[in-house]
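Report on the following structure.
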Amino acid sequence: MNVNQVVQSIREKVAEGISEVYFVACGGSLVDMYPSKYFLDSEAKKLVAGLYTANEFVHALPKRLGAQSVVIVCSHGGNTPESVAAAQAAKEQGAHTIGLTHNKEAALLNYSDYSFLYEWGDESNVKNNPMAIILDLAVQLLHVVEGYAHVEAFQKGLESINGIINQGKKQVAPRARVFADKYRNEELYYILTSGASYGHAYGFAICSLMEMQWLNAAAIHSGEYFHGPFEVTDKETPFILMMNEGRTRALDERAQTFLNQYAEKVEVIDAKELGIGTIADEVVEFFNPVLFYSIICVYREALAEVRNHPLETRRYMGKVAY
Ligand SMILES: O=P(O)(O)OC[C@H]1O[C@](O)(CO)[C@@H](O)[C@@H]1O
């Protein structure tokens, strides 16, 4: 089944109407759901959205969860115990579960009423990757529940984002190498952004830098930067600022202005400069994180190379009990 068929099928089963959508996963898979939560929070008038790390969902089930709920669970490997347990818990409450995974043998599939076995890797079109599929699900769910005026613009965006990304990756490759050389000995990074992309600031910090490079990092919302974090700004501390196109760009620009004055180690990744502006104004902001994810992968690969620390290296995950 494709996204539309899944959404239609659930709609037909829920006579009283779908009332909430929960996005549940761990780590990088959870990060991929943030844009959809942001989208529904921003665009829905009635439909409620929730975003949960899987183990919290299991231990603190939302009271609204039930037969009118759609629970989307994503697990790349498909066997993360917390995510599998979350899908099981959702089913036990009578919710409609949609599982996304890259593993056709995934345990997650045992608790998924509907499933997407998604494509992955540099060669795949990002519209077939989990972030875009989940966003498409969110858009279509909103549309069947209460109508969404920009479905067509969104679909056009989905068709064009992969081309924008391929061009953007080429554009930043030399910069990423310069960045990696310049920052190879840094131990701490702050990642700033806003809007739909905030999940990817968090993801770049916890997955790319902490997990894959064993470096210290924290995500800071560009709006929150001025409400505490900016006090650590100095000429020695590295900041990576992902500048969105769309409504929250003003927040990123404000952070940039301050950083230009008081910091020196600032790497700016600007979605506008990378060509995202060809997507319609009404929906462009939801595509920033799709672009940023691919672009920051170029940065993390360059960093991994100069640091001689392969992205796959772990000391605890899969090695010790936790
Ligand atoms: O998407 P999956 O396979 O459930 O994996 C979740 C795990 O993957 C990571 O996102 C990346 O390795 C981890 O942070 C997390 O434990």
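The values are calculated or read from the model by the stated rules, or taken from the named source; none is laboratory data. Given the structure is predicted, the values throughout are model-derived calculations rather than measurements. Every residue, glycine as well, gets a Cβ built from its backbone with ideal geometry; the counts of neighbours run over all protein chains shown. Heads up: the accessible areas ignore ligands, DNA and RNA and are worked out on the full protein's heavy atoms, side chains in. Shrake-Rupley method; radii C 1.70, N 1.55, O 1.52, S 1.80 Å.
Tabulated results
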| read-out | value |
| --- | --- |
| Helical segments meeting 30 Å axial Cα length and Kyte-Doolittle -0.5 threshold in the chain (DSSP H) | 151-183, 284-307 |
| Surface accessible to a 1.4 Å probe, Glu285 within the full protein complex, Å² | 10 |
| Of the trypsin sites (Lys or Arg not before Pro) in region 17-83, those whose Cβ has at most 15 other Cβ within 10 Å and which sit in DSSP loop | Lys45, Lys46, Lys63, Arg64 |
| Interchain or long-range residues, amide H under 5 Å from Val266's placed H | Phe239 |
| Filter on Lys182/Lys235; Lys127/Lys156; Lys46/Lys127; Lys156/Lys272 - keep pairs with C-alpha separation over 22 Å | Lys46/Lys127 |
| Prolate/oblate/rounded call for region 276-322, Cα gyration tensor, a/c under 1.5 rounded | oblate |
| Dipole-positive endmost among Val48, Gly157, Val298 within the chain (Cβ charges, Cα centre) | Val298 |
| C-alpha center-to-center spacing [region 188-215, region 56-100] in angstrom | 25 |
| Area accessible to solvent at His76, 1.4 Å probe radius, in Å² | 70 |
| Protein-only accessible surface order, largest first, of Tyr38, Tyr316, Tyr22, Tyr262 at 1.4 Å | Tyr316, Tyr262, Tyr38, Tyr22 |
| Region 3-146: projected area of the alpha-carbon convex hull, averaged over directions, in nm² | 7.7 |
| Computed over region 3-146: relative contact order in percent, which uses C-alpha pairs under 8 Å that are six or more apart | 27 |
| Accessible-area composition of the chain, carbon plus sulfur, in percent [1.4 Å probe] | 49 |
| The chain: radius of gyration over Cα atoms, expressed as a fraction of 2.2 N^0.38 Å | 0.99 |
| Residues Tyr262 and Asp181, FRET efficiency given R0 of 25 Å [Cβ-Cβ distance, rounded to 0.05] | 0.55 |
| Neighbourhood net charge (14 Å Cβ-Cβ; Lys/Arg +1, Asp/Glu -1) for Lys319 | 0 |
| Candidate aspartates and glutamates for bridging to Lys265, where Cα separation is under 15 Å - those fewer than 8 sequence places away on the same chain excluded | Asp181, Glu186, Glu187, Asp234, Glu236 |
| Per residue convex hull volume, Cα atoms of region 163-307, in Å³ | 93 |
| Net charge over other residues, Cβ less than 12 angstrom from the Cβ of Leu192 (K, R count +1; D, E count -1) | -3 |
| Magnitude of the charge dipole, region 163-307, Cβ model with Lys/Arg +1 and Asp/Glu -1, debye to 20 | 380 |
| Protein-only accessible surface order, largest first, of Thr53, Thr193 at 1.4 Å | Thr53, Thr193 |
| Size of charge dipole - region 60-124 - debye, nearest 20, with Cβ of Lys, Arg +1 and Asp, Glu -1, no other charges | 420 |
| Solvent exposure ordering (accessible area, 1.4 Å, most first) of Met242, Met210 | Met210, Met242 |
| Dipole-positive endmost among Gly246, Cys74, Phe287 within the chain (Cβ charges, Cα centre) | Cys74 |
| Per residue accessible area of the chain, 1.4 Å probe, in Å² | 45 |
| The chain - charge dipole about Cα centre, Lys and Arg +1 at Cβ, Asp and Glu -1, debye rounded to 20 | 320 |
| Relative contact order %, the chain, counting alpha carbon pairs below 8 Å whose residues are six or more apart | 16 |
| Environment charge at Phe230 (Cβ cut-off 13 Å; Lys +1, Arg +1, Asp -1, Glu -1) | -2 |
| Of Ser112, Val268, Gly147, farthest towards positive along the dipole that unit charges on Lys, Arg, Asp, Glu beta carbons give the chain | Ser112 |
| Within region 53-128, GluC sites (Glu not before Pro) in DSSP loop having at most 11 other beta-carbon neighbours inside 10 Å | Glu105, Glu123 |
| Accessible-area value, Met1, 1.4 Å probe, nucleic acids and ligands omitted, Å² | 140 |
| Spin-label zone in region 28-55 - amide nitrogen under 12 Å from a point set 7 Å from the Cα of Glu146 along the C-beta vector | 40-49 |
